[in-house]
Structure formats: structure tokens, C-alpha cells
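Notes for the one structure printed next.
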Amino acid sequence: MKTIPHIKTQVLIIGGGITGTGLARDLALRGVRCVLVEARDINAGASGGNHGLLHSGARYAVTDPVAAGSCCKEGELLKRLAPHCIETTGGYFVAVAGDDEDYIDDFERSCRQIGIISEPLDVKEALEIEPSLSPDIIAAYRVNDATIDPFRLSLDNIAHARELGTTLLRFHRVVGFDRQAGRIQKTCLTDTRNGGNTTVDAQIVVNATGAWAARVAALADVTINTICSKGSLLVTHTRITDGVINRLRRPGDADILVPGGTVSILGTTAERVDNPDVIFPEIHEIDHIINECSVMVPALVSTRCIRAFCGVRPLIDSGGGDDDRSASRGFMLLDHLEAGVDNFITITGGKLTTYRLMAEKTADLVCRRLGVGIPCTTHMVPLPNAEDVRWTEPGLSPRTWIARQEPDDLLLCECEMVSRRIVDDIVTSIRRQKGEPDLSAIGLRSRVGKGQCQGTICSQQLTAYLYRQHQIAAREGSDQLRRFLQERWRGQYPLLWDIPLVQAELQEAIYCGLFGLELDQEGT
Amino acid sequence: MNNHTVNEHIQCRLMVIGAGMAGMAATLFAANRQIDTVQVGVTGEINFASGLLDLLAVHPIPSGTLWDNPREAVRRLVREAPDHPYARLTMDRIESALEEFTSFLKKVGHPYYFHSGRNSQVLTAVGTAKTTYAVPLSMHNGSIAYKKRLPCLLVDFEGLKGFSGRQIAETMKRQWPALRHVSLGFPDVSGEAYTEHMARALETESIRAQLADAVRPYLKGVEMVGLPAILGIYRTRDIIAFLEDALGLPVFEIPGIPPSITGLRLREVFEDQLPHRGVRTFYQKRVLSAHIQKNGSFLFAVGGGEPEVRITADAVILATGRFFGKGLTADHREIREALFDLPVFQPDCRGQWHRRAFLNPGGHPINQCGLETDEQFRPLSLEKKPVHHHLYAAGSILAHQDWIRQKCGSGLAIATAHAAVAAFERATDNEIDASATG
Ligand SMILES: Cc1cc2nc3c(=O)[nH]c(=O)nc-3n(C[C@H](O)[C@H](O)[C@H](O)COP(=O)(O)OP(=O)(O)OC[C@H]3O[C@@H](n4cnc5c(N)ncnc54)[C@H](O)[C@@H]3O)c2cc1C
Ligand SMILES: Cc1cc2nc3c(=O)[nH]c(=O)nc-3n(C[C@H](O)[C@H](O)[C@H](O)COP(=O)(O)OP(=O)(O)OC[C@H]3O[C@@H](n4cnc5c(N)ncnc54)[C@H](O)[C@@H]3O)c2cc1C
């Protein structure tokens, strides 16, 4: 019999989104030994499929004052502690003719009560600041919204945690628990790449799997009531506004426009899904987003969109009927003692904006259990800017490439100006973290394939380069190409009309028409 | 040839719109028949073609079944998919079209090879074996090498992106273990190497010689040498002969991602040759508007951006391609034909255009959209009548085919172009007969 590898640790964190990585850093700063396991890659879940809005809290001021208050406080804190992940764009709330005017009054009052800054603007002034706003707006407020790079944030959190001793296992899925005598004795992991098994023996197990939390808890026979609510988002070809634009109304579909580097992101929708693993941005959602957002910004009707994506929020099932928009944006910290397991904790819900607070509260509970008396410091210790992860920032690659001007440093992705040197940096950092530098991992850590050609040219240029550098062997490259193209396709297929459709046809002509990649699954 | 004065008015019998494979073929066939022809089209798209001439390799699409004998494949396809454009053609027509097309290319120095009527395989830059029908001279040895799994050296170049000999060798390793590879600097190039620049450089003998010298030390134990498709634009035959002589081994090209020299080669041949055959050509110009006049003839405005020339024609072959060629356009609701707003056969709604998996084995339904025609390749109105007695369509704009998945792109373009020209010729003869007797 083969022996199964076995890991011992103080705390096992399940889930490599912002909540899990934030928690790992918090605990590591308190000297607690952790293993973080993630079924896919960092930010494979909602943390990689969100709007990237660092909420000022104004959006929830009327409907969810508690969540609004935490967003407000946490947002300001992060601006100080993680400025390199944040662009302080400022934001606006605008109402258009026909919107509920009572809500405008409620909005102003609620913001004041909670202490959220919201400054009324006159319409003319608002149109001067953001000329692409509709001339039909009837009210406008300025708020302290900002934008945040969620990849950078999670990657920086995990990088710092690892520096402090945390172990990260990517591509390891929790598939079961050995629950005996009121405790989780062992957690069973499967390596999603090769099927290998590992077990973890942890004093405390924290379930930070977001929308998957109920599924993971069920593996330990623990029931959690959450609803999975999918939201889709749309990326435009250019940046439409300088600041964040919110619709001044009860939170609803397609009422936020968030700038991000050189693009803007529109969204979102809310649709219940049964299985958070099988989600796609759907065509009707995309059309709906464009229609609704163009009420605030009319030019969107004819703006080219380059990509759609989606994520799943876990919402607390308060039995509130079908309107998932009214479900709380607060978080859920559950100690499963009541369910008869005394070393199992779930943290889910909440927002990206409040991740630090969620991590703090969870780590407090974990430390109480472990008898660790060291207090939280994440509200004081700035988040280190890990060199390794900076290539996700739009605009950074081009600037660096131009500044370096090395004649032999060729661009592998022309649209986003990702060069060989940058890819080398990323490969080295992935290797250092004992990962495999495949196309998808490089895609996650850079802007490769995110430009106009949507990966048509750069995916093969990158593959050929990785082969030359001996980073890929055997037939892996074809599999990686297929996977990478599919990941890009997921975001393209609802947007394929006009120019993107032309691009997609060329892509298929090359990869299927000429290369026959759809046929050659196992060689002929 | 493009030096006509502004607002000149030109008349012709036949107007070919499009300078892709279908447009070039139609124009060639018309010229061969002494038909008074004008051709208009931007020759950008043909630059992307691999130079391989597919006839038919896959049927049915979902199973991905590959055929060794393309004639049998066509026979089966026609039986099982009677709307496919091939179903409007006889096997004789397809063969004589390909024969006429390739014998022209042979005459002007670009011979194609047919493997005794069978499909053959060509190695690609991603390490797959692509099934095709007629193979240009530069790739011919490669298909022999693949068939016999000969020991070959694959050469790539430092500054040339998207092409790695190691990628091909590693990917093919299990079925073709005898592949070796080496990375070399390209003579006189530091930094980025561009295929077109390399191809032009190889037109000069000294660069050829330097390349041969660079490759020579790595030939031990190999029987052929494979290179990216960079072996010249105009003198490919000479360059290959030179290298084979200098290396003492056969060499071949491997098609890769665009921009591809193989496409550029075809473009240059046609752009150079068609005007010599009496065709008035307007390359890099577009048809900006099209009208059917009261007397039944066509009137076109043609130009770069602004109208520069007016052209009247008795007949038209529309070979404007699909979305990439710009023959079809789509907004977020529907697909339209760009010039005449002809009815386009298409799925009911955008939700049905594409599948969620890029490589979905069944292919994307949008690829089957396009123009429906009668037996003479005349596009049909909503009432299923020819829109005009002398409006023909050829190439990828036709409905009920998926050239990308069926691997029938060039074959379909050439054969339908042949059929459209023949239909026009036949109709003209009948008109003459009718006026003679009437
Ligand atoms: C459409 C949308 C827009 C949003 N916009 C914003 C916004 O603008 N601002 C904001 O502040 N918040 C926003 N949010 C909320 C925010 O994205 C989430 O609150 C946050 O990302 C949740 O992070 P998480 O780590 O808890 O969950 P996730 O990021 O979902 O992470 C859970 C991880 O667990 C892993 N996992 C699942 N099962 C297992 C298993 N069995 N074993 C191992 N690992 C497993 C998954 O792969 C996943 O990576 C948005 C959410 C959505 C859906
Ligand atoms: C990446 C790629 C790989 C390929 N690989 C293969 C292969 O391996 N084997 C193979 O057999 N074939 C291959 N092909 C070629 C393919 O077969 C042909 O491109 C296809 O059949 C379409 O040919 P077409 O002439 O109908 O259309 P296109 O090639 O799209 O040509 C349309 C032409 O119409 C012109 N046009 C459109 N609108 C106007 C207008 N208003 N006025 C004037 N001109 C206009 C365009 O400028 C263009 O010249 C490949 C093509 C591509 C793009």
C-alpha cells in the first residue's frame, strides 16, 4: 500500500480567495502556523470575478447600514495600508429622470448618519467632471469610492503570509473530512492536476470558500444556509469615466461603472445558481447590463466591449424571498460548535472591501481557541508590495518595457505589451513558489491575452517561448493552449458581434482551421 | 494598375468583388475565358492563409472523423448534408477547378503537389498534423517526412516569436520520436525577427548561404530540415533548391501563426499576374456602394475611403468572405450581408451563434450562416428566387458550410468560384443564342 502524504499544522485554511489569503496573513502576523489549500489558483472564485470597487459604503447606506459602516471604515483603512493596490478615483452617485426621488433624500440622510462622506453636486458641475454622463441626470453626489486590484491584493496577502511561514497548496481540493469525537481529525485533499491524495491534521479548520462554503461544510455534515448569486460583468475597450459611477437608487442590476486602469467594468446582475462551479456570463445578462448602464452613460450603447466575466456571491439565506439584492452584504462567521464540531469555523459572505475585518474577526476566534494571546495587527501593518505580483497592473508592462528598452526583450503579448523579461520574472516567481508556470498561471499574474486580440496571437507566442525556455515539455503545451483559449473564450462568447466577432473568427481559423486543435486531442 | 483618375466611369461584363481565395480564383477563371472582368478587393485577408489547399478532411463535424480520400468524403457529405455548397457541384467540377487553379500557379513558379488524390498531413507550428489536400512545393517534403516519420531537424530562430522547434518536437514526440531541433540566430538580425523581413532577406544569395552555413553543423543523423515559413516571397523555388543543394538534404516549411508568408506569396502572384491577363484590378480599394439599375445592370462606387471610380457591370460574383473578410457583418441582434443586404441564413438569435466551449466538437452554429443560393450559385431572396439573374456568390460567404471545421476552405472557394463563372458563361451563351434566334 502506498502511504498518503501527511501534513501537520495549527490551522488549515480552505479557500484561496481574498478571505482565505487575508486570514492567512493575519494569523501569520500573530505567529500562527497555517496551511492554505486552494482547489484551483489564487482568486479562482469571486475574488477574481468581481467589480474591483473599494466601496465607500454609500451603496449600502440606505439598505444595509451595518455593512455600509464597515465598508466605509475598511475602505479608508485600506487606502492607507495598501495604496499600491488602490486607485483613489473617487465616485459619483447619479439619478436620472424617472428615478425614485424619495430614495435621494434617504440616501443623503443615511450617509450622514453613518458618517459616509457624500457631497451634493449640481448637475452641470457633474457633467463637467464626467462629460460622458447622461444629460438627463437629475441629481449627483460625490463619494469616496475607489478601485482596487483584487489579484494584487490577494497575491500580496499570500506573499506576505508565506514570507511569515504559511504553506500554500494550490490545486488542492478538500474532498472530505474525517470527523470523529466531535472534531475534524483529518482533512483529505486531492491534487486536481494529478489526482494525488494528501491529508492534513490541523488543530483548527477554517472554511473560507465563499460560495462553496455550504458544500465544503456539508463534507463535515454541517449545514449552512446560503444562496449562490451569480453576477456578471462587462469590460469595455477603453476607460469611459475617471471616477466610479453608481446609480442613485436601491441597489439593483447594472448600476455601477468602475474604471480600472485603461478599461471600465460595467455590472452587475444577480441570478441564483445551484452550482458555483458551472457559471457563465450569459448573453441576456450582457444585453441587460448594456441597456441599463447606458441610462447613466449613453455612449455605452456603441462602446466596444472586450470581455465578460462572472463570479458568485454567497448570500445569507434569511428566507427573504426572491429578491437577492436585499440579502445582507454583511459577513457570516460561524463557529460549528453548535453543530457538534469543535474545531471547524466558516467565514463567508461580506465584500472584498471588508476582507481585512473578516479576517480579523475570524483570526480572533481561531486564536481564542488555540489560546494564542497575540492581537491583530493588520489595521496597522502596511501590506507589503510583493515585487512578484505587480504585473497585473494595467499599464505597468508597457511603461516598464518602454523604460527598459532592451533590444532583445521582445513583446510576447503585443496588445498589453508583456515582454519576455516580464514573463521570465513571473516564471521565476511561480517556480520559487513551487508552482508550474503554465499559460493560465502566467495569465493570472499578468495581462497576457487580455488585450484586443484576446489571446489569438500571444497565446502561441507565449507557448513557443515557454517551450524554448524548457518550462513546458511533452504535449503539455497543446493542453495549456486549449485551456487558455477556453478561458479567454468564456469571456468573449457573449460579446461576439461587430469587431470582436471578426477577431473570434480569425482565432478559430487559426487554431481550428489551420492547426486543427479541436481534433488533435491525443495525436493522430 | 490602380492609376485610374478620380470619378472615372468604367464598364465591364463581370465584376468580381473580393480578393481572397474565392475572388482570386473567380477572376482567374474569368480571365482564362476571355471574359471582360474588373476585380475589386482589399488583399489583406489572403495574407492570413496558410497556402494549403484543403478540399475536405472532416465529416461529420461532431465526430471529427478524418478522411484519407477527399472524394469519398465529399460523396458522403453531399449525401448527408445536401445543403452544403459542395452538393451543388459535381466531382468533375471540383477537380477541374483545382486543376485549373493549380496549373496556373505551377506556370508562374508555384507548383502544388497532390498525393495521388489522397489527403496528406502537414506538421504545424503547434505540433499538430494538419490534414489537407494540395500542398505547395515549400511544404511538400514535410508531408513526406511526416508520413515516413523521417528523422528531421527543426530549425527556429532567436528573434522569431510563435515558432519553437522544441514545441513541435516535444508535442509530436510520441508519434514521431525522430524529430530534433535547434535555435539559431537569423543572419544579420538582432532583436526581433519578422517573417516578411526574413523572407525578403532570403531572396538574396548571401543570406541564403549564411543560413545554410548556420544549419549545416546540426545535420548529423537527420534526413530533412524543417523551417518556419520564411523561404522567400518571389523566388521560393530557387531558395529551396539552393538550400537543398547546400545542405544536401530536402527542406520544408512549417505553417504557423499569422502573418504568414505563404499567403503573401499567393497574393503577390495574383496581384502581379491577373492584370497581365486583361483584368482591370482595383486592389486595396473597396466597393463602397452597390445598386441594381433599372436596366438590370449593376452600378458600384469604388474607392479607398471616398468614391473614386464608378463601375457598371452586367454581372457580379460576390466573393466578399465572412466576418473576417467583411462580406458579412453583425450587430448584437442580427447578421447581414454588407453590400446588397441580401438575406442571410442564420440562427434564430444571438444566443445560438456560439457554443460555450471554443473547441466544441460540433462547431459554432454561426459558421453555417451565410447566403443560400440556387444551383447556379445565385443568392436567393426571401421568396427563394434568385435576387438577380446575374448576381452570383462564391467562397466562404455561402451558407451551410463550416470550412474551419470541415477543412474545406480553399477547395470550396476555388470550386464555387469556378461554378459561378461557368454559370455566368452559360447564361451569357444562352442570352446570345436567344437574341440570335429572337
Ligand atoms: C459579481 C460580483 C461583484 C462583486 N463586486 C464587488 C466589489 O466591487 N467590491 C467588493 O468589495 N466586493 C465585491 N464583491 C464581493 C467579493 O468579490 C467577495 O465578497 C469576495 O471576493 C469573497 O472572497 P472569498 O475569498 O470569501 O471567496 P472566493 O473568492 O469565492 O474564494 C473561495 C475559494 O475557495 C475555493 N474552494 C472552493 N471549494 C474548495 C474546496 N473544496 N477545496 C479547496 N478550495 C475550495 C475556490 O476555488 C475559491 O478560490 C463582488 C462579488 C461578485 C460575485
Ligand atoms: C488564419 C487562416 C488560415 C487558413 N488556413 C487555411 C488552410 O489551412 N487551408 C485552406 O484551404 N484554407 C485556409 N485558409 C483560407 C480560407 O480557405 C479562405 O480564406 C476562405 O476560404 C475564405 O475565402 P474567401 O475568398 O471566400 O473569403 P476571404 O478570404 O475572407 O476574402 C474576402 C475578400 O473580400 C473582400 N471584400 C469584402 N468586402 C468588400 C467590399 N465591400 N469591397 C471590396 N472587397 C471586399 C475582402 O477584402 C477580401 O479580399 C485560411 C484562412 C485564414 C484566415
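The values are calculated or read from the model by the stated rules, or taken from the named source; none is laboratory data. As the structure is a computational prediction, the values presented were derived from the model and not from experiment. All Cβ positions, glycine included, derive from the backbone under ideal geometry; neighbour counts span all protein chains shown. Side chains included, ligands, DNA and RNA excluded: accessible areas come from the protein's heavy atoms. Shrake-Rupley method; radii C 1.70, N 1.55, O 1.52, S 1.80 Å.
Observations, loosely collected:
- Here is the figure for the range A:32-48: residues that are within 13 Å of ligand 1 (Cβ to nearest atom), open to solvent by 10 Å² or more (accessible area, probe 1.4 Å) and not polar (S, T, N, Q) total 8.
- No other residue among B:F340, B:F323 is closer than 25 Å to B:D83 by Cα, part of a loop (DSSP other than H, G, I, E, B) and within 14 Å of chain A (Cβ to nearest Cβ) apart from B:F323.
- Under the condition of being in contact (Cβ under 8 Å) with a residue 12 or more places away in the chain, surrounded by fewer than 23 Cβ atoms within 10 Å (Cβ to Cβ) and in a loop (DSSP other than H, G, I, E, B), the residues counted in the range A:457-476 number 3.
- If the condition is being open to solvent by less than 10 Å² (accessible area, probe 1.4 Å), in contact with an Asp or Glu (Cβ under 7 Å, 6 or more places away or on another chain) and near ligand 2 (Cβ under 8 Å from one of its atoms), then the range B:404-438 contributes B:K407, B:C408, B:G411.
- Condition check for B:Q401: open to solvent by 40 Å² or more (accessible area, probe 1.4 Å) and in contact with an Asp or Glu (Cβ under 9 Å, 6 or more places away or on another chain): no
- When residues in the range B:65-96 are screened for being within 14 Å of another protein chain (Cβ to nearest Cβ) and in contact with a strand residue (DSSP E or B) (Cβ under 6 Å, 6 or more places away or on another chain), 2 of them pass.
One line per residue, one yes/no per condition, for (1) more than 30 Å from A:Q480 (Cα to Cα); (2) surrounded by fewer than 18 Cβ atoms within 10 Å (Cβ to Cβ); (3) not polar (S, T, N, Q):
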{"position": "B:R93", "(1), (2), (3)": "yes, yes, yes"}
{"position": "B:T102", "(1), (2), (3)": "yes, no, no"}
{"position": "B:K107", "(1), (2), (3)": "yes, yes, yes"}
{"position": "B:T132", "(1), (2), (3)": "no, no, no"}
{"position": "B:L137", "(1), (2), (3)": "yes, no, yes"}
{"position": "B:H140", "(1), (2), (3)": "no, no, yes"}
{"position": "B:E158", "(1), (2), (3)": "no, yes, yes"}
{"position": "B:R180", "(1), (2), (3)": "no, no, yes"}
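- Residue within the range B:3-21 that is within 14 Å of another protein chain (Cβ to nearest Cβ), in contact (Cβ under 8 Å) with a residue 12 or more places away in the chain, part of a loop (DSSP other than H, G, I, E, B) and surrounded by 24 or more Cβ atoms within 10 Å (Cβ to Cβ) present: yes
- Within the range A:57-70, not a single residue is assigned by TED's automatic domain parsing to the domain that holds A:L365, open to solvent by 10 Å² or more (accessible area, probe 1.4 Å) and part of a loop (DSSP other than H, G, I, E, B).
- Qualifying residues in the range B:380-398 (those that are away from every other protein chain (no Cβ under 14 Å), buried (at least 16 other Cβ atoms within 10 Å of the Cβ) and of a type outside the set (G, A, S)) - the one nearest to ligand 1 (Cβ to nearest atom): B:L398
- Listed conditions (1) open to solvent by 30 Å² or more (accessible area, probe 1.4 Å); (2) more than 16 Å from ligand 2 (Cβ to nearest atom); (3) in a helix (DSSP H, G or I); (4) over 26 Å from B:G165 (Cβ atoms) are all met by A:Q452, apart from (3).
- Just one of (1) touching a Leu at 6+ places or on another chain (Cβ under 6 Å); (2) free of Cβ contacts under 8 Å to residues at least 40 places away in the same chain; (3) among the polar types (S, T, N, Q); (4) crowded, with 17+ Cβ neighbours inside 10 Å fails for B:Q293. It is (4).
- Taken together, A:G165, A:G98 contain a single residue that is open to solvent by less than 60 Å² (accessible area, probe 1.4 Å) and not in a helix (DSSP H, G or I), which is A:G165.
- Top-ranked residue of the range A:477-500 - restricted to ones that are at the interface with chain B (Cβ under 7 Å from one of its Cβ atoms) and within 14 Å of A:G455 (Cα to Cα), ranked as surrounded by the fewest Cβ atoms within 10 Å (Cβ to Cβ): A:Q486
- Residue count for the range A:189-220 satisfying the condition of being near ligand 1 (Cβ under 8 Å from one of its atoms) and part of a strand (DSSP E or B): 1.
- Scanning the range A:124-162 for residues that are within 17 Å of A:G90 (Cβ to Cβ), of a type in the set (A, V, I, L, M, F, W, C) and in a helix (DSSP H, G or I) yields a count of 3.
- Members of the range B:343-352 found to be buried (at least 18 other Cβ atoms within 10 Å of the Cβ) and within 24 Å of the chain's Cα centre (by Cα), listed by number: B:V344, B:Q346
- Looking only at residues in the range A:505-524 that are more than 7 Å from chain B (Cβ to nearest Cβ) and at pLDDT 95 or above, the one that is farthest from B:H354 (Cα to Cα) is A:Y511.
- Scanning the range B:349-399 for residues that are assigned to a loop (DSSP other than H, G, I, E, B), farther than 18 Å from B:E334 by Cα, within 16 Å of ligand 2 (Cβ to nearest atom) and in contact with a strand residue (DSSP E or B) (Cβ under 9 Å, 6 or more places away or on another chain) turns up B:F377, B:A394.
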